[in-house]
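The values are calculated or read from the model by the stated rules, or taken from the named source; none is laboratory data. None of the values given here were measured: they were computed from a predicted structure. Cβ sites come from the backbone with ideal geometry, for glycine too, and all protein chains shown count toward neighbours. Heads up: the accessible areas ignore ligands, DNA and RNA and are worked out on the full protein's heavy atoms, side chains in. Shrake-Rupley method; radii C 1.70, N 1.55, O 1.52, S 1.80 Å.
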Amino acid sequence: MKRPEASVRLFCFPHSGGSVGEYVRWADLLPDVEVWGVQLPGHGARAEEAPFTRMRELVDTLVGAVDFGTSFAFFGHSLGALVAFETARRLRGLGRTPPGWLFLSAAPAPQLPARGIPASHLDEDGLLTALEPTYGELALELREDAELRELILPGLRADLSLVESYPHEAGAPLDCAMAVLGGTRDDLTREELEPWRVHTTGPFELHLLPGGHFYLREQKDTLLRLLGERLRQGRPHTVSSEDLKP
């Protein structure tokens with residue numbers, strides 16, 4: 001949503017198989033922020049375009065196509081956190097303005113061993129079975145709706161390939177402020193979130209909110225209050241919190 005009077009932009013990177021719609025609607029609760037959704041090929045309104053399956057190609061294309069401005073932040077959920085992080089690193093490598101804040105949600109630190117087993121190569125039934133623990137109702141809906149499967153599964157497979165083929169390369173830490181977030185009932189543990197700390201020399205926060213992998217839907221008001229406060233105050237002192245009460 002364009003807000004020329006806003007002092008900061010928030011670019012939102014969706015999760016695997018996700019679209020930008022739910023993130024763009026955050027603008028209603030962030031009146032002082034210009035909220036943009038990063039819609040990748042193969043998803044949502046760009047479903048007819050070929051999706052990316054390799055992170056480097058995705059990030060290089062993104063930074064070549066988008067002018068993020070000079071005062072902005074990134075929010076990424078799950079896969080989106082990884083894309084946001086690598087985009088920030090690529091901007092720095094090009095000598096361009098990096099985000100002032102990185103909000104990284106429901107994603108393990110990239111230097112840790114890969115979680116789970118590869119699923120992008122599975123047949124349709126196997127893929128849906130693999131998705132059920134995380135995606136729940138959506139996986140069930142996909143089983144029952146062939147048209148929905150045809151629309152969503154190609155992009156979702158590509159997203160899984162992005163994660164499965166991702167080679168984390170060690171590099172100098174960023175210097176932006178970083179807030180890492182997760183759900184208390186997600187199978188992603190605090191021990192997998194905390195190591196993000198090494199990727200910035202700037203302020204670092206860790207927040208666990210009530211909920212599972214998609215805690216951000218259950219705790220939207222709380223999450224957006226946190227984002228709004230951080231974006232308004234700029235870069236705070238270093239904080240680590242186990243939990244932010246709704």
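For the reader, a short list of remarks on this structure follows.
- Of all residues in region 5-17, exactly one satisfies the criterion of being over 17 Å from T87 (Cα atoms), open to solvent by 50 Å² or more (accessible area, probe 1.4 Å) and either hydrophobic (A, V, I, L, M, F, W, C) or touching a residue at least 12 places away in the same chain (Cβ under 8 Å) (or both), namely S7.
- When we screen L224, L193 for residues that are open to solvent by less than 10 Å² (accessible area, probe 1.4 Å), modelled with pLDDT of 95 or more, closer than 18 Å to V8 by Cα and in a helix (DSSP H, G or I), the only hit is L224.
- Of the criteria (1) within 20 Å of P14 (Cα to Cα); (2) among the small types (G, A, S); (3) in contact (Cβ under 8 Å) with a residue 60 or more places away in the chain, which one G171 fails: (1)
- Elements of type helices (runs of 4 or more DSSP H) in region 117-167, at least 1 residues being of a type in the set (V, I, T): 124-135, 146-164
- Test result for P236, modelled with pLDDT of 95 or more and either open to solvent by less than 50 Å² (accessible area, probe 1.4 Å) or assigned to a helix (DSSP H, G or I) (or both): no
- Residue among R197, R225, R190 that alone is touching an Asp or Glu at 6+ places or on another chain (Cβ under 8 Å) and charged (D, E, K, R): R190
- Looking at V35, V20, V24, V59, just one residue is out of contact with any helix residue (DSSP H, G or I) (no Cβ under 9 Å at 6 or more places or on another chain), closer than 26 Å to L162 by Cα and either surrounded by fewer than 20 Cβ atoms within 10 Å (Cβ to Cβ) or not small (G, A, S) (or both), and that residue is V24.
- Criterion (more than 16 Å from H15 (Cα to Cα), open to solvent by 60 Å² or more (accessible area, probe 1.4 Å) and either small (G, A, S) or in contact (Cβ under 8 Å) with a residue 24 or more places away in the chain (or both)) met by exactly one of R149, R92, R143: R92
- Selection count where residues are among the basic types (K, R) and either at pLDDT 90 or above or out of contact with any Leu (no Cβ under 8 Å at 6 or more places or on another chain) (or both), scope region 41-69: 2
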